[in-house]
Amino acid sequence: MIEKREFYIDGRWVDPSVPDACDVINPATEQPVAVISLGSAADVDKAVTAARRAFKTFGETPVDERAALLERIIKIYQGRTSEMDEAIRLEMGAPRRFAREQQTPAAIGHLTATLDALKAHVWERPSPRGGSLLRHEPVGVCGLVTPWNWPINQIAAKVAPALAAGCTMILKPSEIAPLSALLFAEILDEAGCPPGVFNLVNGDGPGVGAAMSAHPGIDMMSFTGSTRAGTSVTRNAAPTVKRVALELGGKSPNILFADADLETAVRFSVESCFSNSGQSCDAPTRLLVEHSIYDKAVALAGRAADETLVDTPEKDGDHIGPVVSQLQYDRIQTHIEKGIAEGARLAAGGLGRPNGLETGFYVRPTVFADVTNQMHVAREEIFGPVLAVIPFGSEDDAIRIANDTPYGLAAYIQTGSPERAKRVARKLRAGSVYINGASPDWDVPFGGYKQSGNGREYGEFGLEDFLELKAITG
């Protein structure tokens with residue numbers, strides 16, 4: 001059992017104001033692997049005090065000094081990647097290979113892209129017509145709230161640009177998956193991050209998260225999580241009129257046209273939906289298929305789902321692991337039940353656990369066919385390995401269905417026509433559009449339209465989220 005009850009505040013590991021033990025559960029065994037303590041408003045106050053004091057000097061540090069800090073963090077992180085692999089495996093059930101090849105390296109991607117953006121950024125420039133100086137300055141003290149599904153990815157996507165901008169911060173990682181965050185705090189400490197610049201307080205949303213959102217000493221909230229929770233952050237932040245950046249839920253469409261390489265496109269579609277056990281906010285969970293290839297695509301999707309391996313995270317291989325918690329498992333089962341009740345046809349999977357995996361929060365890879373876009377499984381973010389297949393007629397029909405969602409985080413297009421791909425991509429209301437299996441670089445902006453949030457992360461766009469713009473005239 002790992003004991004991690006302390007918080008990192010003002011450059012030291014300190015005890016919580018009021019101990020409140022919380023078990024960290026291994027999703028594969030359903031047993032505790034660590035104990036942390038949940039914080040309170042009093043702990044947030046301590047962290048904010050430290051961050052405000054540190055901002056007076058850190059906000060004025062030269063760019064070279066902040067770049068050197070990021071370089072030290074990168075070097076130390078690279079030496080501790082095996083520890084990060086293990087932390088992510090234990091806290092959220094990522095299989096060893098997936099943790100090693102996808103989850104852990106994400107932090108390096110964000111740190112290096114932010115470092116490049118910092119070195120290239122123009123901090124002062126004349127106004128377009130002259131007579132004024134336009135100057136970028138750090139926002140100030142930032143509250144960072146991160147989720148459990150890509151834990152170190154989202155931590156690095158916020159901490160790196162906040163440091164680069166000259167901000168100070170308080171991080172509240174998910175209480176479900178806090179081990180990677182605690183390890184990252186050790187790395188920042190080893191890298192010589194000045195006291196008070198980075199602070200970590202564990203806790204839940206109603207306790208620590210709400211206290212951060214409402215705190216008058218915090219100038220900005222950057223939140224990644226559900227749309228429901230993002231709404232709460234915004235509401236709590238409103239009285240202090242602080243900046244709020246949100247990266248929220250998604251129900252991303254994946255449009256498959258008849259001129260695509262069908263087998264390759266369907267295989268990509270299923271694998272992308274089920275990756276990370278379906279626990280990605282930008283997963284292509286609605287597969288829209290042109291009528292003429294619909295039956296064949298459904299058969300191929302069902303076969304791909306049946307061939308998707310589900311196994312324990314301890315094993316090294318190309319399989320998916322459990323979902324993160326009993327609560328999440330139960331929610332997914334409820335979604336599957338609703339899909340069946342509404343008349344969607346099961347092409348693969350269904351209720352219950354895969355054969356041979358009776359312990360652990362494992363979900364059967366599931367494909368629903370004959371889905372209409374008004375069904376529950378087409379409207380709600382399920383956050384599990386569940387794919388909804390929807391037929392469409394014309395190109396305009398596909399675009400209409402794709403955009404008929406409260407979300408707008410990502411969209412996907414599979415077609416053999418570059419002209420069609422560009423034409424359709426321009427009409428999709430989503431922050432990111434991926435064509436024929438393409439994936440972005442770390443400096444490509446990430447964020448959503450509509451109820452998928454506001455603001456953009458990654459590279460120079462993430463850096464700008466943490467900057468104010470000042471005009472000096474005269």
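A compact table of results
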| read-out | value |
| --- | --- |
| Residue within the range 161-170 that is surrounded by 24 or more Cβ atoms within 10 Å (Cβ to Cβ), in the same structural domain as L463 (by TED's automatic domain parsing), modelled with pLDDT of 95 or more and closer than 24 Å to S275 by Cβ present | no |
| Residues of the range 373-404 satisfying the condition of being aromatic (F, W, Y) and closer than 21 Å to I320 by Cα | F383 |
| Test for E71: is it free of Cβ contacts under 8 Å to residues at least 12 places away in the same chain and in the same structural domain as Q31 (by TED's automatic domain parsing) | no |
| Test result for S417, small (G, A, S), modelled with pLDDT of 95 or more and over 24 Å from V244 (Cβ atoms) | yes |
| Filtered residues of the range 20-34 (kept if more than 24 Å from the chain's Cα centre (by Cα) and within 23 Å of F198 (Cβ to Cβ)) | D20 |
| Test for R89: is it crowded, with 24+ Cβ neighbours inside 10 Å, basic (K, R) and assigned by TED's automatic domain parsing to the domain that holds F184 | yes |
| Number of the exception - S417 against (1) touching a strand residue (DSSP E or B) at 6+ places or on another chain (Cβ under 7 Å); (2) outside the structural domain of P161 (by TED's automatic domain parsing) | (1) |
| Failed criterion for V323 (all others in (1) crowded, with 20+ Cβ neighbours inside 10 Å; (2) farther than 23 Å from A177 by Cβ; (3) touching a residue at least 60 places away in the same chain (Cβ under 8 Å) hold) | (2) |
| Residue ID - nearest to L357 (Cα to Cα), chosen from residues in the range 10-36 that are touching a residue at least 40 places away in the same chain (Cβ under 8 Å) and out of contact with any Gly (no Cβ under 8 Å at 6 or more places or on another chain) | I25 |
| Tally, over the range 189-207, of residues that are under 23 Å from V24 (Cβ atoms), outside any helix (DSSP H, G or I) and of a type outside the set (S, T, N, Q) | 5 |
| Which numbered condition H335 fails, given (1) within 23 Å of T312 (Cα to Cα); (2) in contact with a helix residue (DSSP H, G or I) (Cβ under 8 Å, 6 or more places away or on another chain) | (1) |
| Any hit, the range 130-148, residues being of a type in the set (D, E, K, R), surrounded by fewer than 23 Cβ atoms within 10 Å (Cβ to Cβ), at negative phi and part of a helix (DSSP H, G or I) | no |
| Search result, residues across the range 1-52 that are β-branched (V, I, T) and touching a Lys or Arg at 6+ places or on another chain (Cβ under 9 Å) | I9, V14, V24, V35, I36, V44 |
| Total residues in the range 154-176, condition farther than 21 Å from A113 by Cβ and out of contact with any Pro (no Cβ under 8 Å at 6 or more places or on another chain) | 5 |
| Selection within the range 261-292 - of a type in the set (F, W, Y) and buried (at least 22 other Cβ atoms within 10 Å of the Cβ) | F274 |
| Some residue of the range 13-27 being assigned by TED's automatic domain parsing to the domain that holds G143 and more than 30 Å from A94 (Cα to Cα) | yes |
| Given (1) without any contact (Cβ under 8 Å) to a residue 24 or more places away in the chain; (2) more than 24 Å from the chain's Cα centre (by Cα), index of the condition T415 fails | (1) |
| Pair list, Cβ < 6 Å and 6+ apart or interchain, from the range 356-380 residues that are in the same structural domain as G302 (by TED's automatic domain parsing) to residues that are surrounded by fewer than 16 Cβ atoms within 10 Å (Cβ to Cβ) and basic (K, R) | A369/R345; D370/R345; H376/K338 |
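Conditions tested, residue by residue: (1) touching a residue at least 24 places away in the same chain (Cβ under 8 Å); (2) more than 23 Å from V363 (Cβ to Cβ); (3) in contact with a helix residue (DSSP H, G or I) (Cβ under 6 Å, 6 or more places away or on another chain); (4) of a type in the set (G, A, S).
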residue: R235; (1), (2), (3), (4): no, yes, no, no
residue: A258; (1), (2), (3), (4): yes, yes, yes, yes
residue: N276; (1), (2), (3), (4): yes, no, no, no
residue: D295; (1), (2), (3), (4): no, yes, no, no
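This table checks each residue for (1) assigned by TED's automatic domain parsing to the domain that holds L69; (2) out of contact with any strand residue (DSSP E or B) (no Cβ under 9 Å at 6 or more places or on another chain); (3) among the basic types (K, R); (4) under 19 Å from H335 (Cβ atoms).
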position: A214; (1), (2), (3), (4): yes, yes, no, no
position: V244; (1), (2), (3), (4): yes, no, no, no
position: D259; (1), (2), (3), (4): no, no, no, no
position: T264; (1), (2), (3), (4): no, no, no, no
position: F268; (1), (2), (3), (4): no, no, no, no
position: N276; (1), (2), (3), (4): no, no, no, yes
position: D282; (1), (2), (3), (4): no, no, no, yes
position: R286; (1), (2), (3), (4): no, no, yes, yes
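The values are calculated or read from the model by the stated rules, or taken from the named source; none is laboratory data. Please read these numbers as outputs of a predicted model, since none were measured by experiment. Don't worry about glycine lacking a Cβ; one is built from the backbone with ideal geometry, like all the others, and counts go over all protein chains shown.
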